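Novice: Here's a structure for you.
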Amino acid sequence: MKNFLLTLGLTLGLVTQAAAVTLGDDGLHKTSWMRDTFKDLSEDLAEANDEGKRFVIMFEQRGCIYCTKMHEQVFSDPDIDAFIDDNYFVVQLNLHGDTEVTDFDGETLTEKQMARKWGILFTPTIMFLPQEVEEGATAVQSSVAIMPGAFGKGTTLDMFTWVLEERYLLDNDEDFQRYHARRIQERSNGSTD
């Protein structure tokens, strides 16, 4: 009986976790922390700043197995989900979409045209923006980090943390790769700092 209850509990947990990952009418994964905006990036950045959050643009596409992996295995983790929800303003763009997007430089293009303009080739691609964008600059020129592809929980959380802590501004030799390697070592040693 004990094994049956354990199996039932694990199954219900997996079903609940899988049910939390939903697809929209556009075939893209949807989360509670994704924002449905008019896709005017200057307005989105201002709203993110007003909320005290960092602005992120996330490119995905219908049928993307790597997007599915991120949503089912990484973003569904309660700690990662809460961290993104608490600290980030996320706007999802469709690599092949036709919704108009207005870049920081004022140019308005469809999502797929904007992806070409910015050189986005992979999904998912997560573009992290600063709190202020120089006049006339594009989103890709202004980004402080770009995360192309699917990564595990540790790498993803470390990237979101590295950006939130503005470690890209530090005048030291600890770029993201060195920061991530240090965090892996700290986790393996049981450090919670």
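The values are calculated or read from the model by the stated rules, or taken from the named source; none is laboratory data. Quick caveat, the model's predicted, so the values are computed rather than measured. So basically every Cβ, Gly included, is an ideal-geometry build from the backbone, and we count neighbours across all protein chains shown.
Novice: Out of the residues in segment 172-187 that are within 24 Å of Phe55 (Cβ to Cβ) and among the charged types (D, E, K, R), which is surrounded by the most Cβ atoms within 10 Å (Cβ to Cβ)?
Specialist: Selected residue: Arg183.
Novice: With respect to Phe59, determine if the residue is in a loop (DSSP other than H, G, I, E, B), within 19 Å of Gln141 (Cα to Cα) and among the hydrophobic types (A, V, I, L, M, F, W, C).
Specialist: Against the criterion (in a loop (DSSP other than H, G, I, E, B), within 19 Å of Gln141 (Cα to Cα) and among the hydrophobic types (A, V, I, L, M, F, W, C)), Phe59 does not qualify.
Novice: Here's something else I'd like to know. Would you please list the contacts, defined by Cβ atoms under 9 Å and residues six or more apart or on different chains, that run from a residue in segment 34-46 that is closer than 16 Å to Phe59 by Cβ and hydrophobic (A, V, I, L, M, F, W, C) to a residue that is modelled with pLDDT of 95 or more and part of a helix (DSSP H, G or I)?
Specialist: Leu41/Ala139
Residue by residue, here is whether (1) buried (at least 18 other Cβ atoms within 10 Å of the Cβ); (2) in a helix (DSSP H, G or I) holds:
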position	(1), (2)
Asp79	no, yes
Ala115	yes, yes
Ile120	yes, no
Thr123	yes, no
Met127	yes, no
Glu132	no, no
Ala137	no, no
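Novice: Could you tell me which of the residues Asp77, Asp98 is on the phi < 0 side of the Ramachandran plot and either out of contact with any helix residue (DSSP H, G or I) (no Cβ under 6 Å at 6 or more places or on another chain) or at pLDDT below 95 (or both)?
Specialist: Numbers: Asp77 fails: either out of contact with any helix residue (DSSP H, G or I) (no Cβ under 6 Å at 6 or more places or on another chain) or at pLDDT below 95 (or both).
Exactly one residue qualifies, and that residue is Asp98.
Novice: Being free of Cβ contacts under 8 Å to residues at least 24 places away in the same chain and exposed (fewer than 15 other Cβ atoms within 10 Å of the Cβ) is the filter; apply it to segment 147-168 and report the residue that is nearest to Pro78 (Cα to Cα).
Specialist: Going through the qualifying residues, I end up with Glu165.
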